Every structure is written in C-alpha cells, then in structure tokens.
Amino acid sequence: MVRVLVAAQILSGAGLAAGVTVGALLAKDMLDSTGLAGLPSALLTAGSALAAVAVGRISHARGRRPGLAAGYLIGAIGGLGVVAAAVVDDPVLLFAALFVYGAGNATNLQARYAGADLADASHRGRAIATVLVATTLGGVVGPNLAAPTGALAESLGIPHLAGPFLLAAAAYAMAALVLTLWLRPDPLLLARTLPVEGDASVAENGTAAPATRSGGGVAVGALVMAVTQLVMVAIMTMTPVHIHDHGHGTAASGLVIAIHVGAMYLPSPLTGWLVDRYGRLPVAAAAGLILLAAGLLAATAPGESVALLALALALLGLGWNFGLLAGTAIVADAVPVATRAKTQGVVDVSIAIAGAAGGLGSGLVVAAASYPALALTGGVLAVAVVPVIAYASRGRRELDLGARSSTAE
C-alpha cells in the first residue's frame, strides 16, 4: 500500500514541478506583462481549492483510491489544455486550463493524508513524511526536464514553454492509473474498520496534546499550513521571472526550482521525526522562522547570483515542509477517522486559497515595487504564525495542568 502511494507521488511530483517551473514564464510571454505573471499560480491554486473539496468528498464517500485517482486524471486533462492554449495562443483557454490543472496540485497534497490513515498518533508525523518524501524524486527531475521537453515540444510544432506541461499531463495520468490498479486495500476504508485507539491518550512527550484535539486544533493546523503556503507560492512564483529578467535561461530557472522542490520534500523523514519527537507546535513555529530567513536572503541576494537565490529557495522549501508536516499532524490529531477525509478536504481549501492569493499578489507586488520587496514581505508575514503557536502552546499547558488537577482529586 505504501509503495503504491510512493510510486504515485513520484509521478505526480514530476507533473507538479514541471508546470510550476514555466507557468509564470508562459503567461508573461503570452500576455507581455510581468504584473500578470503571477496569475497562472493564482488560477492553479484556485483550481486546487475546488479540487480539494471534490477529492475530500469523494474520498469520504468511496475511499482514497477513487478520490486521488480522479484528482490526478483531472490534472492531466488540465495539462493538455495548457498545451492546446499555447498552440492557439489563447490566454483565456490558458487560464481555464490552469484552473483545471490545479486539481493535480490539490491531489498531490491530499495524498499525504493517506499515509496517516493507518498510523497512530505517536508515529503520524513519520507516516505523513513517508508519502511526502516520495514527491522529491519527481519534483527534482521534473524542472530539469523543462529544457528537453521544451525542445521536444518545438519539434512537434508546440511552443517551447508548453513542453513541461506535456510531461505534467503524462505524469498525472500515470499516477491516476497506478492508484486505480494497485492501491488495495483502500487505507481510509480499512482504517474505518479498525478499532479506534485512544488518540485521546497523551504521549509522554506531549506530541499529541489535547490542545490540538479540537476545533481549535483544526484552526491552528489550517492557519499554519495556509500561511506557509501563501508565502512559499508568492516567492516561488516570481523567482523564475526574476532570474529570467537578469539574463538567465530556462535551465537556470529549472535548477533553482528543482532545488526548491527538493527542499520541500526531501527533509520529510527528519521533519516527521521532529514532529513526533518534539511536538507539532515547536516545529510549526520553526517553520515561520525559516521562512523569514528565506525571505531575507531572497530580498538581499543579487539577481545575478543563481547560487544565492537557490539557497533562498531551498530555505523556502524547508520552511514550507516544516509547516505542512506540523500542520497536517495537528489536523490529523484533531479529527476522528469517520469525518477525517471531509474535514481534511475543507482544510486544504484554505491552503489553496492562500496559495491563490500568494500567486496573484506576487506579480502585482513585483510590478508595483520589486522582487526584493515581495520576498521581504513574505518573510515577515510568515512570522505571524509564531504568536499563534505560542498562544496554542499556552492553552495546551493549561489543559495539561487541568487534567493533572482532576486526576489528583
């Protein structure tokens, strides 16, 4: 079961990263406008919001297998639509196709919950990490295929920048096929048949504290993931444009994005261990501080320095990874298996909306001010999660004290 999820994540990672690498460049080329270069990312993540609800509802009703497979198949159709839009040079079709293409992104994120369906609270972070890290291989390979897939597209009479979307469509379609054929038994349906173990039991290290097992826990987890998604998407979206504007080609952009995507997923085993060992809330707070460092470095790095921008994007990916794993574990702790898929779908809507805002706003900020201003703003915004985490930590301690007092009585 885990191997099937891993295989699907490798394929979907290639599809996701390939499109991210050139989406903004394609829009800028077709519209001849930097201000609208962030629109593809916004549309992609807006499509992700709708798809997150759909995938969550299908998974709730019929299981993870049909939900995830449907999401990837729709993403593949969107990828082909982007190629068609580039061929006929139709921006309206491009934007509609990118909206549909966002389903692949939403499904890639939803798959992480499948890894947690059969895990107990003390190992939940590592279970989520196992699925996430599988995206690394595809995510690193995908952007580096931007140049060769572009050359292949040109040989077929398709615009160069549409080439990576050919790869994305094929990768998403293959991921849907793998899940449909081999994800058996379905992890969510199987989890519903198992005895409910005391998720309410508190681990000695407090990793699954009662403060996270409530509606407030869902809100905290959703906020952490939404903020980290907004900041990550905003800075990531405009970095290829920033690199291109300083005289570098698609290969340089692909390398930087590949490093970024690798940092988003490769540290997952370590992050999962940290989440289980030291708690969800400390790792979530660390995410905000890492994203601040990423924003500061991106803002101060010379545009000619691909190496420094790559380092900044690596920190950006790492901060996102910390936020996503910690937030996912918080949400998984807070909801019972009977309503898990539906709630997780709703949570991912907030993540997608935040990403859409980051993608749309990124181009406008760069056009009105500059890329360094965007990066600095994103870094400062990321720190907003720290006081929320501090408040949630205080609430957890108060609940712990109350529980001890009741036990003493």
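The values are calculated or read from the model by the stated rules, or taken from the named source; none is laboratory data. All values derive from a computational prediction rather than experimental measurement. Here the Cβ is made from the backbone with ideal geometry for all residues, glycine too, and neighbour counts use every protein chain on show.
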Conditions (1) assigned to a helix (DSSP H, G or I); (2) farther than 26 Å from Ala116 by Cα -> His248 fails only (1)
Within the stretch 293-331, the count of residues that are more than 24 Å from Asp276 (Cβ to Cβ) and among the hydroxyl-bearing types (Ser, Thr, Tyr) comes to 2
For helices (runs of 4 or more DSSP H) lying entirely in the stretch 50-164, having 1 or more residues that are closer than 20 Å to Ala332 by Cα and modelled with pLDDT under 90 picks out 91-116, 124-133
Looking across the stretch 299-327 at residues that are of a type in the set (A, V, I, L, M) and either without any contact (Cβ under 8 Å) to a residue 12 or more places away in the chain or under 15 Å from Leu230 (Cβ atoms) (or both), the single one that is surrounded by the fewest Cβ atoms within 10 Å (Cβ to Cβ) is Ala307
Result of the Cβ filter at 6 Å on the stretch 111-133, keeping first residues that are free of Cβ contacts under 8 Å to residues at least 40 places away in the same chain and partners that are assigned to a helix (DSSP H, G or I), at least 6 apart or interchain, is Ala119/Ala127
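Regarding Thr228, is this residue among the hydroxyl-bearing types (Ser, Thr, Tyr), within 18 Å of Val383 (Cβ to Cβ) and touching a Gly at 6+ places or on another chain (Cβ under 8 Å)?
yes
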Subset of the stretch 72-89, residues surrounded by fewer than 21 Cβ atoms within 10 Å (Cβ to Cβ), within 28 Å of Pro185 (Cβ to Cβ) and small (Gly, Ala, Ser), comes to none
Return a yes/no flag: does the stretch 328-337 have any residue that is farther than 23 Å from Ile259 by Cα, modelled with pLDDT under 90, surrounded by fewer than 21 Cβ atoms within 10 Å (Cβ to Cβ) and of a type outside the set (Lys, Arg).
-> yes
Scanning the stretch 61-71 residue by residue, the ones that are farther than 17 Å from Gly102 by Cα and crowded, with 19+ Cβ neighbours inside 10 Å total 3
Scanning the stretch 270-305 residue by residue, the ones that are in a helix (DSSP H, G or I) and more than 16 Å from the chain's Cα centre (by Cα) total 24
Residue hits (the stretch 118-132; surrounded by fewer than 24 Cβ atoms within 10 Å (Cβ to Cβ) and either in contact with a Pro (Cβ under 9 Å, 6 or more places away or on another chain) or polar (S, T, N, Q) (or both)) are Leu118, Ser122, Arg126, Thr130
* Asked: Going by the conditions given, is Ala357 at pLDDT below 90, part of a helix (DSSP H, G or I) and within 30 Å of Glu304 (Cα to Cα)?
  -> yes
Q: Scan the stretch 137-156 and give yes if some residue there is over 20 Å from Leu11 (Cβ atoms), buried (at least 18 other Cβ atoms within 10 Å of the Cβ) and without any contact (Cβ under 8 Å) to a residue 12 or more places away in the chain, otherwise no.
A: no
